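Values in this text are rule-based calculations from the coordinates and carry no lab data. All figures in this text were calculated on a predicted structure; none of them were measured in a lab. Note that we place each Cβ from the backbone using ideal geometry, even for glycine, and neighbour counts take in every protein chain shown.
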Protein chains: 2
Amino acid sequence: MTRVPLEKKVLSENDRIARRLRERFRAHGVLCLNLISSPGAGKTSLLERTLEGFAPEERVAVLTGDIQTDNDARRLARYGFPVRQITTGGTCHLEAAMIERALEGWGSEAVDLLFIENVGNLVCPASYDLGEAAKIVLLSVTEGDDKPLKYPAIFFRSALLVLNKVDLLPYVPFDVAAVRQNARRINPAIEILEVSCTTGEGLEGWRRWLALQREAVRKQAELGATLA
Amino acid sequence: MTRVPLEKKVLSENDRIARRLRERFRAHGVLCLNLISSPGAGKTSLLERTLEGFAPEERVAVLTGDIQTDNDARRLARYGFPVRQITTGGTCHLEAAMIERALEGWGSEAVDLLFIENVGNLVCPASYDLGEAAKIVLLSVTEGDDKPLKYPAIFFRSALLVLNKVDLLPYVPFDVAAVRQNARRINPAIEILEVSCTTGEGLEGWRRWLALQREAVRKQAELGATLA
């Protein structure tokens with residue numbers, strides 16, 4: 001395969017930029033989360049539900065990636081927090097350089113929670129570190145409970161699986177116990193939340209998870225400042 | 001971007017093999033269809049419903065691509081037709097060379113309808129010609145009616161859009177008229193079928209479409225033989 005060496009080179013260039021981003025986020029106490037899923041699993045809906053729950057003074061921002069259109073940025077901008085669209089123009093994933101470019105002039109100081117909504121794709125985004133503290137994989141119950149086994153990389157690399165659209169469970173053949181088992185076969189440490197962005201079910205668990213991660217990053221930044 | 005030249009080279013090598021496959025399919029009167037969608041939109045279910053409707057003497061075969069597992073091949077093998085799994089081991093799409101390799105020793109003469117079920121990914125498979133007569137894009141109504149605009153390449157390159165899971169329409173916010181309009185904005189010639197692989201609704205339209213394509217390929221092959 002002639003493609004492997006260059007892919008490696010591109011990835012390591014990406015890793016270099018991602019490392020720089022990660023240091024910058026850590027230094028400023030920014031929690032950066034990279035949301036990954038198939039198209040239509042509910043990344044934008046989860047962000048809508050999340051943003052609408054925040055007080056206006058929260059220092060939250062979103063970068064949202066799509067191949068074409070700025071639909072998602074327009075949906076998310078309604079909540080009053082800074083949102084920037086990254087249109088990849090064909091590329092099937094976000095890369096660290098796109099994040100660095102999108103953050104230019106923003107000043108990480110102004111933000112302590114940054115969501116990155118990746119391109120809708122359960123495969124390729126798994127390979128690209130964006131400097132995030134954690135990857136979060138969303139899976140809709142309409143997609144089938146076998147997906148962790150068929151697309152293992154993203155389940156292996158994610159800290160959290162958000163199982164979305166549980167309001168549709170009565171209408172689809174989907175075994176929640178099986179998907180939990182399949183996800184943990186790939187990644188025994190993965191946390192799993194069941195939510196519905198339509199009915200709001202389970203979202204308090206998501207908000208708790210988020211608050212816990214923010215608290216951890218804040219403490220790390222304080223400790224870093226003390227030790228410096 | 002250092003990646004562009006090599007990507008071009010890989011693609012043109014792929015195109016060369018795809019051309020060879022296409023000539024072979026045409027010469028033998030094989031209708032080859034490349035099914036593409038997000039994970040869980042229903043490619044395997046559509047093939048299950050299709051295969052169960054065929055008489056045992058039909059000369060149908062399936063190549064099914066996945067990153068990991070042979071779940072789909074096992075699901076499809078139950079119908080008694082030849083099925084081969086292509087496990088890409090990480091690659092996010094099928095390539096023509098994988099098809100050529102999987103067909104080794106099969107003899108295209110034994111088949112006049114070949115389904116290729118691509119890796120679940122609405123982005124990357126759109127760029128790889130597999131020698132098929134037509135690409136077919138599946139979209140589940142749970143994925144949202146904006147998807148043709150956000151993932152235009154595959155809608156642009158497909159002859160047919162199969163809108164699946166219409167049995168879930170009462171439970172999801174999805175506007176069928178909007179998705180039709182969005183798909184035709186990208187590709188005015190795209191045909192659109194609404195089906196449910198769960199209830200069987202709309203599948204007679206799919207079978208008619210299939211019969212028409214097979215008839216066209218058969219006539220082309222006859223004409224080719226006459227002119228040769």
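Among residues other than A:Glu222 with Cβ under 14 Å from its Cβ, the summed charge is +2 (Lys and Arg +1, Asp and Glu -1). GNM remark for chain B: springs join alpha carbons under 10 Å apart, and the peak mean-square fluctuation among B:Glu58, B:Glu117, B:Glu194 falls on B:Glu58. The spacing between region B:19-45 and region A:91-132, judged by their C-alpha centroids, is 35 Å. Here A:Ala216 and B:Val176 are evaluated by their C-beta separation; at R0 = 51 Å the FRET efficiency comes out at 0.70. Contact order for region A:158-228, expressed relative to its length and based on alpha carbon pairs under 8 Å spaced 6+ residues apart, stands at 35 percent.
For region B:11-215, averaging the sequence separation of C-alpha pairs within contact (under 8 Å, six or more residues apart) and dividing by the residue count gives a relative contact order of 25 percent. Inter-copy label distances at B:Pro173, using a point 7 Å along Cα-to-Cβ, come to 3.0 nm with the shortest given first.
Under the rule a/c < 1.5 gives rounded, and otherwise a/b versus b/c splits prolate from oblate, where does chain A land using the Cα gyration tensor? The shape class here is rounded. Summing charges over neighbours of B:Arg19, with a neighbour being any other residue whose Cβ is under 13 Å away from its Cβ, gives -1 when K and R count +1 and D and E count -1. Positive contributions from Lys and Arg (+1) and negative ones from Asp and Glu (-1), summed over other residues with Cβ under 13 Å from the Cβ of B:Asp66, come out at +2. Lysine pairs in chain A whose alpha-carbon atoms fall under 21 angstrom of each other, counting only those eight or more residues apart or on distinct chains, come to 11.
For the protein assembly as shown, the alpha carbon positions stretch 84, 48, 41 Å along the principal axes, listed from largest to smallest. How would region B:184-228 be classified by its alpha-carbon gyration tensor: rounded, prolate or oblate, with rounded meaning a/c under 1.5 and the a/b versus b/c comparison settling the rest? Since a/c reaches 1.5 but b/c is at least a/b, the shape of region B:184-228 is classed as oblate. Sorted shortest first, the separations between the B:Glu13 label point and its copies elsewhere in the assembly read 2.0 nm; each point sits 7 Å from Cα along the Cα-to-Cβ line. Using θ = phi - 60° in the Karplus curve 6.51 cos²θ - 1.76 cosθ + 1.60, the 3J(HN,Hα) couplings for region A:58-67 round to 4, 9, 10, 9, 10, 10, 10, x, 8, 6 Hz; x is entered for Gly and Pro.
Here the calculated FRET efficiency for B:Asp70 and B:Glu100, from their Cβ-Cβ distance with R0 = 22 Å, stands at 0.65, rounded to the nearest 0.05. Ranked from shortest, the separations from the 7 Å Cα-to-Cβ label point of A:Gly200 to its equivalents in the other copies are 4.2 nm. Taken about its Cα centre, chain B carries a charge dipole of about 560 debye when Lys and Arg each add +1 at the Cβ and Asp and Glu each add -1 at the Cβ. Averaged over peptide A:152-159, how many Cβ atoms belonging to another chain are found within 10 Å of each residue's Cβ? Taking all residues of A:152-159 together, the mean is 1. With both labels modelled 7 Å from their Cα along Cα-to-Cβ, the A:Thr226 to B:Arg207 distance reads 7.2 nm. Residues of region B:189-214 falling in the label zone of B:Glu58, defined by backbone nitrogen less than 13 Å from a point 7 Å along Cα to beta-carbon, are B:203-214. Evaluated with a Cβ-only charge set (Lys, Arg +1; Asp, Glu -1), region A:120-228 carries a dipole of roughly 260 debye about its Cα centre, given to the nearest 20.
Which of rounded, prolate or oblate describes region B:76-137 when judged by the alpha-carbon gyration tensor and an a/c cut-off of 1.5?
prolate
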